[in-house]
1. Looking at this structure, is residue 250 touching a Gly at 6+ places or on another chain (Cβ under 7 Å), crowded, with 24+ Cβ neighbours inside 10 Å and farther than 25 Å from residue 188 by Cα?
2. Among all residue pairs at least 6 apart or on different chains, which show Cβ distances below 8 Å where the first residue, located in the stretch 237-255, is more than 13 Å from residue 322 (Cβ to Cβ) and the second is in a helix (DSSP H, G or I) and modelled with pLDDT under 95?
3. When the residues of the stretch 115-128 are narrowed to those that are of a type in the set (S, T, N, Q) and assigned to a loop (DSSP other than H, G, I, E, B), which ends up nearest to residue 231 (Cα to Cα)?
4. For residue 112, only one of the following conditions fails: (1) under 24 Å from the mean Cα position of the chain (by Cα); (2) assigned to a loop (DSSP other than H, G, I, E, B); (3) not aromatic (Phe, Trp, Tyr). What is its number?
5. Can you spot a residue in the stretch 16-23 that is of a type in the set (Lys, Arg) and either closer than 28 Å to residue 302 by Cβ or assigned to a loop (DSSP other than H, G, I, E, B) (or both)?
6. Any idea which of 16, 42, 100 is outside the structural domain of residue 360 (by TED's automatic domain parsing) and under 24 Å from residue 223 (Cβ atoms)?
7. Restricting attention to the stretch 264-286, does a residue exist that is of a type outside the set (Asp, Glu) and in contact with a Cys (Cβ under 8 Å, 6 or more places away or on another chain)?
8. Please state which one of 221, 241 is out of contact with any Ser or Thr (no Cβ under 9 Å at 6 or more places or on another chain), surrounded by fewer than 18 Cβ atoms within 10 Å (Cβ to Cβ) and at pLDDT 95 or above.
Amino acid sequence: MDFSLTEEQELLKSTLREFLTSYCTEEWIQATEQKGEYPYDLHERMAKLGLYGLVVPEEYGGSGGGMIEAAIVSEEIGRTSGSIGQVHMPSAVFGGYALLAAGPELKERFLPQLAEGTLKLSFALTEPEAGSDAASVRTRAVRDGDEFVISGAKIFSTAADTADYLVLTARTGTPEERHRGLTLFLVDAKAPGISTSRIPKIGHHAVQSPEVGLDDVRVPADLVIGEVGGAWPALNDVMDAERIAVAALCTGLAQRCIDVALEYGMQRRQFGRQIATFQAISHMFAEMETETSAARLLTFHSAWLKDQGLPCSKAASIAKVYATECASRTASRAVQVHGGYGYTAEYEVSRHFKEAKLYEVAGGSTQIQRNIIAREMGIRG
C-alpha cells in the first residue's frame, strides 16, 4: 500500500493548516467558545476553500474526492478545535455521503449547494430512546398524498438549530421491521412544527447539539433520500464515514496534545533540567507518539478501504475505538505533563481534555464499536 499523499492532497493539507493556524488562533477559539454562538464567519471561509465539496462529484461542482480527503481535513481540524469539526462534518461528511445515496433529482438540486457551502445540514438520527440501537427509531413518518407527516423527537443533532435541512431518519414501517422500516428524509429545518432546545455541554460550546421536536411536520415526498423503507444501507454508509472522520479528528487532537506538551516539557525546568528529559515523562511522550501514529495508520487504512468500495465497517470501528481512546489518553497525559497549569483555562490542553471525551461516545460509543468488530469477526450473541 502506498502511504504517500498525492500532490493535490498535500496542497489540501498545507492550505488548510495555514488557514487554521492564521485564522483559528487559540484566542479566537476561546472567544468563540465563550460566546457559544455558531461561527458563521468560519463556515463561509471554509466554503471559499471548497471544504464542503470534498466528497461531491465534480459534475455537481465538488472536488470529486473521497474519504481520504475527508480524513485529511478532519485530522487538520482536530489539531485546532473540536467545534470546528462540528461546523464542518455534519454537512461535508455526514450530509455529503447521505446525498450521494439520493436519486438524480435530489443530487442535482442539493449537491451543488453543498459544494458551494450554501447548504448547511444536520444529521438527525439519535433519539431519547434510540441511541446505540439505531434500528429502534420511533420518530414516525406517515404518507399523506404527496407528502409525509413526521412526528417525534431527535436528540444530539449537531448544528440542527443553525442548519438549512435535517438529514432525518424516520420510521415508515412497523417497529417489528426494525431497520427495514426506516426511511431517510431531507427536512426543511425551519418548517412549521419543528422546534429545537439547547442541551448544555461541557465542551464544544460554539456548535449546539440540541433536542429537535417534530410535531406533524409536512415533508414533500420528493425529499425522500433513496427508497421508502430503504434507509439502512445509506445510514451504514454515513455511519462508516462518520467513524472514520471522527477517528481522523481524534488523531489530530492527540497530535496537537503531543506538540504542545512537548513544547512545554522542553521549556519547563525542575531539579535543574527540562522535565521532558526525565524518564518517567519521556516514556509518556513515547507512548503518546506510538499510539497516535497507530491511530493515524488505522484511520487512513479504513478511509482507503472505503474509497476502494471495499467492506470497511470493521476497519472503521477499529479506527474509531483506537483513535478516540488514544485522544483521551493523550489529552490526559498532556495535562499531566503541564502539572497544575494543565488544569487551568490558560493552557489549551484543558480544552482538548474536555473535547476528547465526547468522541468516545458520539458516533457510536466505544462499547458499540467493539460489538460491531466482534460481529464482523463472526461472533454473534
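1. On the way: touching a Gly at 6+ places or on another chain (Cβ under 7 Å): yes; crowded, with 24+ Cβ neighbours inside 10 Å: yes; farther than 25 Å from residue 188 by Cα: yes.
Criteria met by residue 250.
2. 239/134
3. Going residue by residue through the stretch 115-128, those that are of a type in the set (S, T, N, Q) are 118, 122, 126.
Still in the list and also assigned to a loop (DSSP other than H, G, I, E, B): 118, 126.
On the way: 118: 25, 126: 14 Å.
That would be 126.
4. (2)
5. First pass over the stretch 16-23, keeping only residues of a type in the set (Lys, Arg): 17.
Filter once more, keeping what is either closer than 28 Å to residue 302 by Cβ or assigned to a loop (DSSP other than H, G, I, E, B) (or both): 17.
The answer is yes, given that some residue of the stretch 16-23 is of a type in the set (Lys, Arg) and either closer than 28 Å to residue 302 by Cβ or assigned to a loop (DSSP other than H, G, I, E, B) (or both).
6. Details: 16 fails: under 24 Å from residue 223 (Cβ atoms); 42 fails: under 24 Å from residue 223 (Cβ atoms).
Of the residues listed, the single one that is outside the structural domain of residue 360 (by TED's automatic domain parsing) and under 24 Å from residue 223 (Cβ atoms) is 100.
7. Initial filter on the stretch 264-286 (of a type outside the set (Asp, Glu)): 264-286.
Those still in the list that are in contact with a Cys (Cβ under 8 Å, 6 or more places away or on another chain) too: none.
Within the stretch 264-286 (the criterion being of a type outside the set (Asp, Glu) and in contact with a Cys (Cβ under 8 Å, 6 or more places away or on another chain)), the answer is no, since none of the residues qualifies.
8. Numbers: 241 fails: surrounded by fewer than 18 Cβ atoms within 10 Å (Cβ to Cβ).
Going through 221, 241 in turn, just one is out of contact with any Ser or Thr (no Cβ under 9 Å at 6 or more places or on another chain), surrounded by fewer than 18 Cβ atoms within 10 Å (Cβ to Cβ) and at pLDDT 95 or above: 221.
The values are calculated or read from the model by the stated rules, or taken from the named source; none is laboratory data. Because the structure is predicted, anything quoted here is derived from the model rather than measured. Note that each Cβ is placed from the backbone with ideal geometry, even for glycine, and that neighbours are counted across all protein chains shown.
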